[in-house]
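Notes follow once the structure below has been shown.
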Amino acid sequence: MARKKSLRASFVYVVVTVFFLASLYHYLNGAVSTFSSAAIVSFSAAKSPFHRRSLPSTAVLVHDWQVLVILTPETPPPPDLTAYSCVFHTGEISPAKFSGMLPYPDRGTFTCLFPIRARRRSPFRQPILSLRKLPATAPSSPPPLPLWSNLVYDSLTTESDVVLFVKGIHTRQGANRKPIEFRCVFFSSSAADGVRTAVTHSKQEVFRCGRPNITAVNSVGAETELVRVSLEIVAENRVVPSVAYYTPPRRLASHGGKSLLCASTMVYDVTKYLKEWVLYHAKIGVEKFLLYDNGSDDDLAKTVAELADDGFDVAAYNWRWPKTQEAGFSHSAIYASEACTWMIYIDVDEFVYSPSWNNLTSPSPELLQLGIENSPDKLGQISINCREFGPSEQKIHPVLGVIYGYDCRRRLENRHKSVVRLSAVDASLMNAIHHFYLKEGFKTRRLNTTAMVVNHYKYQAWPEFKAKFRRRVSAYVLDWTQKMNPKSNDRTPGLGFSPVEPAGWPEKFCEVRDEALKDLTIRWFGIESEFGIKMPWER
C-alpha cells in the first residue's frame with residue numbers, strides 16, 4: 001500500500017513538473033507561438049484592469065527603439081491627442097505622440113520611445129496607452145512586444161485573391177522561399193482556429209493567397225465582425241504576428257475616369273519639395289500622384305490638401321512601415337491598377353527631363369503622354385537613366401527650389417527609373433525599386449540620355465542630406481551607419497558611417513555644370529516680380 005501511494009505521489013509530481021515546465025516554456029517564448037489562435041490572440045490588445053484610464057491597443061517595436069502603438073479598430077482616436085503616455089511594465093513612462101491613421105480598417109496610432117531600463121528586460125513587453133493626468137500604474141502581465149523584423153503589417157484584397165505584406169521571411173535579395181512553405185490564415189472571434197488558404201506567390205515581402213470562404217471564418221458576417229489575417233510557416237507550425245485585417249477589395253479612387261499616366265513615390269518629411277515636384281510633373285503629363293507616407297512629421301496632409309485645392313489630384317496613403325519601398329511599390333501596382341494605366345516610379349527629388357524640350361516656350365501634357373499613348377501593346381516598361389546632382393555650393397535649401405538651386409552634377413549616369421504599364425506587372429509584384437518584373441511577353445525599352453533623363457538632386461545642401469542619413473527606405477539598401485560594404489554603389493563617396501559633414505561638402509560631386517533644366521524651368525514657370533524671379537511653388 002505504501003508503495004502504491006509512493007508511485008501515485010511520484011506520478012502527480014511528474015505531471016505537475018511537466019505542466020510547470022510547459023507553462024514556463026510558453027511564457028518565455030510568448031512572441032513565437034505554435035499554430036493556433038494563441039499566436040495572434042497574444043498579439044491582440046489585452047484586457048487591462050486599467051481600461052478606464054487607458055485606450056485598447058497593441059504595439060510593435062519598429063526602429064531606433066520606437067514603439068508604434070496601434071489602437072483597436074473599435075477605438076476612435078481621443079479628442080486630445082496629446083494627453084497620453086506609454087506606460088511600460090517596468091513602471092517607466094514615455095510620452096506618446098499621435099502618428100496618424102492606419103487605413104483599412106482605420107486605426108489611430110501613437111509612437112513613444114522604448115525606455116532604456118525596459119530594454120534590459122527580456123522578453124520585451126507591450127506598454128499601455130494611459131492618460132497622463134492620472135496616476136500611472138505599470139501593467140502587471142502585458143503580452144510580449146512583437147518586433148518589426150517579424151510581422152504581417154498590411155494586406156490588400158483583390159477580386160481574386162489576398163496580398164499580404166510580411167517582414168522577416170525573405171531577408172536577403174533574391175532569396176525567396178517557395179509558396180508551398182506557407183499558408184494564409186484568417187480568423188475572428190467566431191473562428192478561433194482560423195481558416196487557411198494556399199499561398200500562390202512568395203517574393204520579397206509579398207505573399208499572395210486565395211480568398212477564404214467568409215462564412216467559415218465569420219459566422220455573423222464580414223461586415224459586422226473584423227477578420228484578422230496572417231501567414232503560417234508550415235514546417236515550423238508557426239503563425240507570424242500580425243496587425244493586418246482581411247477587408248473587402250479596395251482601389252485608389254479614379255476621379256474622372258482612368259488616368260493615362262500617374263506617379264507614385266514614398267515620402268518622409270518632403271513637403272518643402274513636394275509642390276515643386278507635383279507642379280512640374282503635372283505640367284508635362286502626370287495626371288495623378290500617389291504618395292506613400294512613411295511616417296512624415298512635417299504636416300504632409302496640409303500640403304496635400306493645398307495641392308488638391310489648387311486642382312491637383314494627389315492622394316496620400318499612410319504606409320508607416322520602415323524600409324519597405326519595394327513592398328510599397330508592389331502595393332501601388334495593385335492599388336492603383338484601376339485608376340492608372342501607366343505609373344512612373346520616381347522620388348520627390350527626381351525630375352524627368354528631355355533635351356528635346358529645350359526650345360519649347362511652355363510645357364504640355366503631351367511631353368510625357370504622347371510616347372506611352374502610342375506605344376506598342378507589348379511594351380511594358382520604359383527605363384530612364386539618372387544624372388546625380390551635387391550640393392552645387394548650396395548650404396541651405398534653395399528658396400526657388402531644387403531645380404534652380406542645384407546645377408552641378410556628376411559626369412556618369414547612375415541607376416535608372418521606370419515608367420510601368422501596370423497591367424504588364426508580373427503577378428509576383430516583384431521589383432527592384434528601379435524596375436518591375438513583367439509578365440511573359442512584355443518588353444522593357446531603355447532610353448538614352450539624349451531622349452530623356454531623370455535629374456536626381458541627390459546630394460543636396462548638408463542639412464537636407466543629413467536628414468536622409470538614417471532614412472534609407474529600401475529593404476535591401478545598406479544602413480549608412482553600419483560599417484560594411486564600404487565600396488557599395490549605395491554609399492556616398494567620401495561619407496563615413498556617421499552623419500558628420502565631410503570637408504568641402506558644398507563643392508562635392510561637381511564635375512559638369514548642367515543648367516539646362518534650370519533654364520527651361522525659369523522659362524516655363526518663372527514669374528517676374530520687383531524682387532526678381534519667383535516660382536509658383538515657393539513657400
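The values are calculated or read from the model by the stated rules, or taken from the named source; none is laboratory data. All values derive from a computational prediction rather than experimental measurement. Glycine gets a Cβ as well: all are built from the backbone with ideal geometry, and neighbour counts include every protein chain shown. Just so you know, the surface numbers come from the protein's heavy atoms only, side chains and all, with ligands and any DNA or RNA stripped out. Shrake-Rupley method; radii C 1.70, N 1.55, O 1.52, S 1.80 Å.
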Within the stretch 127-140, of all residues that are assigned to a loop (DSSP other than H, G, I, E, B), touching a residue at least 60 places away in the same chain (Cβ under 8 Å) and not aliphatic (A, V, I, L, M), the one most open to solvent (accessible area, probe 1.4 Å) is Ser140
Going by the structure shown, is Ile527 open to solvent by 60 Å² or more (accessible area, probe 1.4 Å), hydrophobic (A, V, I, L, M, F, W, C) and at pLDDT 90 or above? yes
Here the residues within the stretch 390-420 that are out of contact with any helix residue (DSSP H, G or I) (no Cβ under 8 Å at 6 or more places or on another chain), open to solvent by less than 50 Å² (accessible area, probe 1.4 Å) and assigned to a strand (DSSP E or B) are Cys408, Arg409, Asn414, His416, Lys417, Ser418
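Specify which of the listed residues (Lys458, Lys487) is surrounded by 12 or more Cβ atoms within 10 Å (Cβ to Cβ) and either among the aliphatic types (A, V, I, L, M) or modelled with pLDDT under 95 (or both). Let's see the steps before the verdict.
Values: Lys487 fails: surrounded by 12 or more Cβ atoms within 10 Å (Cβ to Cβ).
Going through Lys458, Lys487 in turn, the sole match is Lys458.
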Given the conditions (1) in a loop (DSSP other than H, G, I, E, B); (2) within 30 Å of Thr157 (Cα to Cα), every one holds for Ser122 apart from (2)
Checked the stretch 411-426 for anything of a type outside the set (D, E, K, R) and either touching a Ser or Thr at 6+ places or on another chain (Cβ under 8 Å) or over 22 Å from Lys508 (Cα atoms) (or both); matches are His416, Ser418, Val419, Val420, Leu422, Ser423, Ala424, Val425
Per the list (1) closer than 21 Å to Phe509 by Cα; (2) part of a loop (DSSP other than H, G, I, E, B), residue check on Leu429 breaks on (1)
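So for the stretch 380-387 (the condition being out of contact with any Pro (no Cβ under 6 Å at 6 or more places or on another chain), in a strand (DSSP E or B) and more than 30 Å from Glu440 (Cα to Cα)), does at least one residue qualify? So that I can check it myself, show each step before the final result.
We begin by selecting, within the stretch 380-387, every residue out of contact with any Pro (no Cβ under 6 Å at 6 or more places or on another chain); these are 380-387.
After this cut, where a residue has to be in a strand (DSSP E or B) as well, the list is 380-387.
When the remaining residues are screened for being more than 30 Å from Glu440 (Cα to Cα), the result is 387.
Scanning the stretch 380-387 turns up at least one residue that is out of contact with any Pro (no Cβ under 6 Å at 6 or more places or on another chain), in a strand (DSSP E or B) and more than 30 Å from Glu440 (Cα to Cα).
With the stretch 165-282 as the region, which strands (runs of 3 or more DSSP E) entirely inside it contain at least 1 residues that are closer than 20 Å to Ala336 by Cβ and either open to solvent by 10 Å² or more (accessible area, probe 1.4 Å) or modelled with pLDDT under 95 (or both)?
Numbers: elements: 182-188, 191-203, 206-210, 227-233, 259-267.
Hits in the stretch 165-282: 191-203, 206-210, 259-267.
Based on this model, can you work out whether Gly100 counts as closer than 21 Å to Thr75 by Cα, surrounded by 18 or more Cβ atoms within 10 Å (Cβ to Cβ) and touching a helix residue (DSSP H, G or I) at 6+ places or on another chain (Cβ under 9 Å)?
Working: closer than 21 Å to Thr75 by Cα: yes; surrounded by 18 or more Cβ atoms within 10 Å (Cβ to Cβ): yes; touching a helix residue (DSSP H, G or I) at 6+ places or on another chain (Cβ under 9 Å): yes.
The answer is yes for Gly100.
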For this session: Scan the stretch 79-88 and give yes if some residue there is small (Gly, Ala, Ser), at pLDDT 90 or above, assigned to a loop (DSSP other than H, G, I, E, B) and buried (at least 16 other Cβ atoms within 10 Å of the Cβ), otherwise no.
Result: no
